[in-house]
Amino acid sequence: MSVALTPTPVQLARHVSEALGREVYVKRDDQTHPVYGGNKVRKLAMLLAEARARGATDLVLVGAAGSNHVLATTVHGRALGFAVTAFVVPRPHSPEAEESLRAAAALGCRLVPTRSEWTAAARVAHELLRLKLRGRRPWFIPPGGSSPVGALGYVRAVEELARQHADGGLPWPDVMVCVLGSGGMVAGLAAGVRAVDRPCRVVGVGVWSAWASNRTALTWMARRTLALASGPGHAPPRPTPELEVDLNQLGAGYGHPTEAALEAQALFARDGVVLDTTYTAKAAAGLMALARTDPRPRRFLFWHSLSSAPLAPLLGSGELPEPQVLALLR
């Protein structure tokens, strides 16, 4: 089975649109795969193809305990025959994070507790060397799957959206809004808008930290992604992709709910769109704030990035995380 099953549908969020007085559409990237979907799957489609082409045997990555990135890489990496090792760092507890962590363990991911992203870097380097000395061929998956190669998946997504628009599936949006964590999604969308040459604002709503949302670094990634999309021997990339960063929804920080996120979660649920308070509800809150304060945009598109596939079938009867791994959910 393919890593990403596309195209994903687009729906008009009628209740959200009525509440905001604007047209709000939802690109259902929660449905990129029936086993485990979400935005990571489009990036992994590119990254795992690269790993296979290089003859890799092992995937090594870093992520928050219970993160979508760790689980998505485990699901799709293990399905392709890779061994997966994830160095996981602390995050606030939530039932969803614990279930995701348990699912990754049940599917055979080797979960290694780590104090922070900074200490994880040295441990990853050591792990890559250890695996090479054992005759393995390890491949590092960047945080969140965010690199020019991973972000290329979202250039393809915008091209997919343009085809849906041409087929009458939706009017072209004035603004696209998505979650901004590691940055690959927003960089890919910005590059994709340039690639299809249709004007549209691209706004990433930060949910992780201000240092991870550096607009200059994100723009660099978008430009490198556009160059990859153009391919070798083609004309130089179009003008530098443009993107906006909204840090107004961070609240107390990563994993901490906000009142605005809870409001967005309740409103989008009326249209059958299930959001989580760590990522997607904060991004939706950013869309709602923009719609309420900026009179210019008439039509919004929300990229829904949380997998809607049930996790229960993934839990099975496999290994549970070690107590020191579960302790990272605090």
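The values are calculated or read from the model by the stated rules, or taken from the named source; none is laboratory data. Values in this document were obtained by computation on a predicted structure and should not be read as measured data. Using ideal geometry, Cβ is built from the backbone for each residue, glycine included, and neighbour counts are taken over all protein chains shown. Note: areas computed on protein heavy atoms with side chains; ligands, DNA, RNA excluded. Shrake-Rupley method; radii C 1.70, N 1.55, O 1.52, S 1.80 Å.
For the reader, a short list of remarks on this structure follows.
- Inter-part distance where the stretch 135-171 and the stretch 1-36 are each reduced to a Cα centre, Å: 16
- The chain: angle of helix 39-53 to the longest principal axis, Cα-based, in degrees nearest 10: 50
- Average projected area [Cα convex hull, the stretch 203-330], square nanometres: 12.2
- Spin-label pair Arg296/Ala217, simplified geometry with 7 Å Cα→Cβ offset, distance in nm: 2.8
- With each label modelled as a point 7 angstrom along the Cα→C-beta vector, the Arg270-Trp172 pair spans 3.1 nm.
- Gain upon complete extension [Glu159, Trp118; 0.36 nm per residue less C-alpha separation]: 11.1 nm
- Expressed as a whole percent, the proportion of Cα-Cα pairs in the stretch 30-151 lying more than 19 Å apart is 43%.
- Cβ-Cβ FRET estimate between Arg137 and Arg78, R0 fixed at 22 Å, reported to 0.05: 0.85
- Taking every lysine pair in the chain that is 8 or more places apart or spans two chains, those with Cα atoms closer than 24 Å amount to 5.
- C-alpha long axis of helix 117-133 to longest principal axis of the chain, angle in °: 50
- Near Leu129: Cβ cut-off under 13 Å, other residues only, Lys/Arg at +1 and Asp/Glu at -1. The net charge is +4.
- 9 Å beta-carbon shell around Val89, net charge (K/R +1, D/E -1): +1
- Extents of the chain, taken as max minus min of Cα coordinates on every principal axis and listed largest first, are 58, 49, 36 Å.
- The trypsin sites (Lys or Arg not before Pro) of the stretch 1-91 that meet both conditions, a loop assignment by DSSP and at most 15 other Cβ atoms within 10 Å of the site Cβ, are Arg54.
- Nonpolar atom fraction for the chain, defined as the carbon and sulfur part of the 1.4 Å probe accessible area, stands at 54 percent.
- For the stretch 286-305, the residues whose amide N sits under 15 Å from a probe point set 7 Å from the Cα of Glu263 along the beta carbon direction are 286-294.
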